[in-house]
1. How large is ³J(HN,Hα), in whole Hz, for each residue of the range 7-16 in order, when computed from phi with the Karplus curve 6.51 cos²θ - 1.76 cosθ + 1.60 and θ = phi - 60°, using x for Gly and Pro?
2. What do you get for the angle between helix 37-47 and the principal long axis of the chain? Use alpha-carbon atoms, 0 to 90 degrees, nearest ten.
3. Take the alpha carbon gyration tensor of the range 130-171, find the square roots of its eigenvalues, order them as a ≥ b ≥ c, and report rounded if a/c is under 1.5; if not, report prolate when a/b exceeds b/c, else oblate.
4. If the only charges are +1 at each Lys and Arg Cβ and -1 at each Asp and Glu Cβ, what is the size of the charge dipole of the range 5-106 around the Cα centre, to the nearest 20 debye?
5. Just order 45-56, 84-95 by mean Cβ neighbour count inside 10 Å, highest at the front, would you?
6. Could you sort the peptides 133-142, 16-25 by per-residue average Cβ neighbour count (10 Å cutoff), highest mean leading?
7. Under a Cβ-Cβ cut-off of 15 Å, what is the net charge of the residues other than residue 34 that fall near it, where Lys and Arg count +1 and Asp and Glu count -1?
8. Relative to the longest principal Cα axis of the chain, at what angle does helix 160-174 sit, 0 to 90 degrees, rounded to 10?
Amino acid sequence: MGEYRIVLADADTVWRKNIKTVLNKCGYWVVGEAGDGVSALKLIRNRQPDLLIIDTALQGMDGLQVAKIVYEDKLAPVVATTSSNHQNIMENARDARVYALLFKPISESSLLPAVELALVNYQEIVGLEKNIKELKETLEARKLVERAKGILMETMGLKETEAFRRMQRQSMNQRVSMRAVAEAVIMSYDLKN
């Protein structure tokens, strides 16, 4: 466990104090506490924690509404807590995209695995999303390069390897990416036609 930064949001100050003690004992750093949903959201945006532990029944904005916003804005993973056992709580927690739902009273033996798994799974998801974005950009760049090669082959009567080498040379001489060269070729072609 590293020194992860955590925000706690619960109306019960005694509960927050107890959970903070457990987390601090295990090497986590509680960087903020809030008693209502709106304050929790402001705190998360200001402190940029690694994890949010929030009660589902907060005033102003309930914990699951906050969790959904935190998920959509990719601010941190959320572990939700509840003392309610109503039928829709699991479905609502799933819709809010929380990483774990813990029922009060919460023991150290249930809190710590939920916290650790939420942190690890969130980091893995962030890494996968980054890889997907990079792959999409690479694929888009390749498509542009292929289109630009086709334009050079058509307009200048070059073979595929010659067109590619010409673009590669231009990329090195201008110190820009192949994508930038391809975009320039395509733009120039589009302006002429």
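Rule-based calculations on the coordinates, nothing more; no lab input. Predicted model, so just to flag it, every value in this text is computed and none were measured. Ideal geometry is used to build each Cβ from the backbone, glycine not excepted, and the neighbour counts take in all protein chains shown.
1. 10, 10, 9, 7, 5, 7, 5, 5, 4, 4
2. 50 degrees
3. Values: a/c = 4.02, a/b = 2.44, b/c = 1.65.
Cα axes put the range 130-171 in the prolate bin.
4. Working: 13 positive and 11 negative charges, 76 e Å.
Dipole size: approximately 360 debye.
5. Working: 45-56: 21.0, 84-95: 12.2.
Peptide ranking by packing, descending: 45-56, 84-95.
6. 16-25, 133-142
7. Working: positive: 5, 16, 17, 20, 42, 45, 47; negative: 10, 12, 33, 36, 55, 62.
Spelling it out: positives minus negatives among the neighbours equals +1.
8. 70 degrees
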